[in-house]
Amino acid sequence: MASFEELGLQENLLKSVADLGFTVPTPIQEKAIPVLLSGTKDLIGLAQTGTGKTAAFVLPLLQLIETTKKFPQALVICPTRELCMQIVNEVELFKKHSPGIHVVAVYGGSSISMQIRDIRRGVQIIVATPGRLIDLIERKAINLEHIKYVVLDEADEMLNMGFQDDIEFILQNTPQRDSTWLFSATMPQEIRQVSKRYMKDPFEIAVGKKNTTNENVDHQFYVTTAHHRYEALKRLIDFNPGMYGIIFTRTKADAQEITEKLTREGYDIDALHGDLTQQQRNKVMDEFREKVLQLLIATDVAARGIDVQGITHVINYELPDDVEVYTHRSGRTGRAGKTGVCMSIVHSRELGKIRLIERMVQVPFHKLEIPSGKDVCRKQFFYFMEKLLQADISHGDYETYLPMLQEKFSDVTKEEVLKRVAALEFDRFLKYYENAEDLNARERRDERRATDTRGDRFGDRRRDTRGREFGGNGNFTRLFVNLGTKDGFYKASFLQFLLDLSDLSKDVLGRIDMKEMNSWIEVDKKVANQMISSIDGKKYKGRRIRMNEADSVRKER
């Protein structure tokens, strides 16, 4: 393995790297840095988050920048404000011994006038989210004519969030660039198309295989019934008392509901979803980073770009509909050489989906039993004893109080003291789990039948005995909508998009069938008209959305 000195970095950058305690480059750094230092070669880097890819492009940028020129020379585009700030922080750390280089973060939810003022003071590196950057371009507040290097970070996430048109607009407005560097965890077709249009013979680097997950993550799944899903979540949290993790839900309604339930039961937890203002989002993230919060509950869209170190567990309250989403979720843990756990709570009918994800990410999934109530109490008890034995008593003036304690407990045995301490700590757990039921779904004969996965990535399209799709449930109305995968949606984001517009809960939804140009979705008959009136006629990326009953579409034809 090469050292940083062998990669071709200048002395000032090597000094910054040494100051930060880095001795050996990660695989993506070792492969990318020598290529990028040329400044003229386009590059595609496939690597999971947490592999050191930010430094892989930041260090070459700092070496290529001409400090005497006080105008934007490098542009880094990323999906979220959080990632934007993280990249700027890394630039600041690595440019410690490189005077004359200035960087600015450009993102929504913050004063645009202050960002314009920072740009006009003279910066060489701009780190931006697509929406705010386009706003600045249209205001003529930023000039990208002299941009020589463009970095697209987390490119797949930007496409999942619907930024493809924005990215192409930005690339069209940087005509003088010498090179384009694209970093992504996965390589969907849309990214391949962007690379063909805007990159010339890109050098490709892959750290790990496409769509694979971090090898440091243990993938587990627990099978329960649908109505026991929340209890299973609570039991898994209680069985892992040192957990510091993220729980992923499909919708913001689920995120809020679970947060409220767990908060009432005394857990340090908060939610991250699309309804939060930027100020509320900042507060939640600050508390989570500082570990004031033990758990964060988030939707996939709200969690884009979050990079928090030390996360021990990721829990899928429900499986995502897209394997790439699973890859992003599980990639939040097991970073920087540490191990992590990704747990999924599944219904017995989702076992086929588990096996398909397992094949696609190319790692084994372990089926584990949901712990019993006694198991939880035993685990909590041992965890408490360990904390008790490791408690630091060297800094307090405990000697002053020891005579009073000895006098108070003179007639109480050591065994009784220990019992009382345990009772104070465990009374709630012991009462709650005294008669706890078995939450594991036991396999039934009718649940062992193979699922039909034809025409759908995860087998959600099934047929009844007459061969009809969507199960023929009389309580549902089948709706047509002229949005599909070509609009940048995957199933989870599409469902959340519909629920957000209609202000409905996910309970009203049945099955969904997504095509490239349009989709069909089952909705509870009682709210079908509400969904249609809320969505039909609205606009998405300038295109009018059309939604109506699927039967009426067939009649029109």
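Residues are listed down the side, and each one gets a yes or a no for (1) under 22 Å from ASN240 (Cα atoms); (2) open to solvent by 50 Å² or more (accessible area, probe 1.4 Å); (3) of a type in the set (Val, Ile, Thr); (4) in contact (Cβ under 8 Å) with a residue 24 or more places away in the chain:
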site: GLU265; (1), (2), (3), (4): yes, yes, no, yes
site: ALA271; (1), (2), (3), (4): yes, no, no, yes
site: LEU276; (1), (2), (3), (4): no, no, no, yes
site: GLN280; (1), (2), (3), (4): no, yes, no, no
site: LYS283; (1), (2), (3), (4): no, yes, no, no
site: ASP286; (1), (2), (3), (4): no, yes, no, no
site: LYS291; (1), (2), (3), (4): yes, yes, no, yes
site: ALA298; (1), (2), (3), (4): yes, no, no, yes
site: ALA303; (1), (2), (3), (4): no, no, no, yes
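Out of the stretch 83-104, which residues are more than 21 Å from the chain's Cα centre (by Cα) and without any contact (Cβ under 8 Å) to a residue 60 or more places away in the chain?
Answer for the stretch 83-104, where residues must be more than 21 Å from the chain's Cα centre (by Cα) and without any contact (Cβ under 8 Å) to a residue 60 or more places away in the chain: VAL91, GLU92, PRO99, GLY100, ILE101, HIS102, VAL103, VAL104.
Which helices (runs of 4 or more DSSP H) does the stretch 338-452 wholly contain that include 1 or more residues that are surrounded by 12 or more Cβ atoms within 10 Å (Cβ to Cβ) and touching a residue at least 60 places away in the same chain (Cβ under 8 Å)? Show your work before the answer.
Values: elements: 351-361, 373-390, 398-408, 414-432.
Correct list: 351-361, 373-390, 414-432.
Search the stretch 164-173 for residues being farther than 14 Å from VAL76 by Cβ and within 27 Å of the chain's Cα centre (by Cα), and hand back the single one that is most open to solvent (accessible area, probe 1.4 Å).
Restricting to residues being farther than 14 Å from VAL76 by Cβ and within 27 Å of the chain's Cα centre (by Cα), the top hit is ASP165.
Does LEU182 meet the test of being buried (at least 20 other Cβ atoms within 10 Å of the Cβ) and closer than 23 Å to LEU319 by Cα? Steps first, please.
Details: buried (at least 20 other Cβ atoms within 10 Å of the Cβ): yes; closer than 23 Å to LEU319 by Cα: no.
No; evaluated as a whole, the condition is false for this residue.
When the stretch 141-162 is examined, which residues are found to be open to solvent by 30 Å² or more (accessible area, probe 1.4 Å), closer than 25 Å to GLY45 by Cβ and among the charged types (D, E, K, R)?
Result: LYS148, single match.
I'd like to know if the stretch 120-140 contains one or more residues that are within 20 Å of the chain's Cα centre (by Cα), surrounded by fewer than 23 Cβ atoms within 10 Å (Cβ to Cβ) and not small (Gly, Ala, Ser).
Looking through the stretch 120-140, none of the residues is within 20 Å of the chain's Cα centre (by Cα), surrounded by fewer than 23 Cβ atoms within 10 Å (Cβ to Cβ) and not small (Gly, Ala, Ser).
The values are calculated or read from the model by the stated rules, or taken from the named source; none is laboratory data. Not measured: the values here are computed from a predicted model. Reconstructed Cβ throughout: ideal geometry from the backbone, glycine too, with neighbour counts over all protein chains shown. Keep in mind that these areas ignore ligands, DNA and RNA; they rest on the heavy atoms of the full protein, side chains included. Shrake-Rupley method; radii C 1.70, N 1.55, O 1.52, S 1.80 Å.
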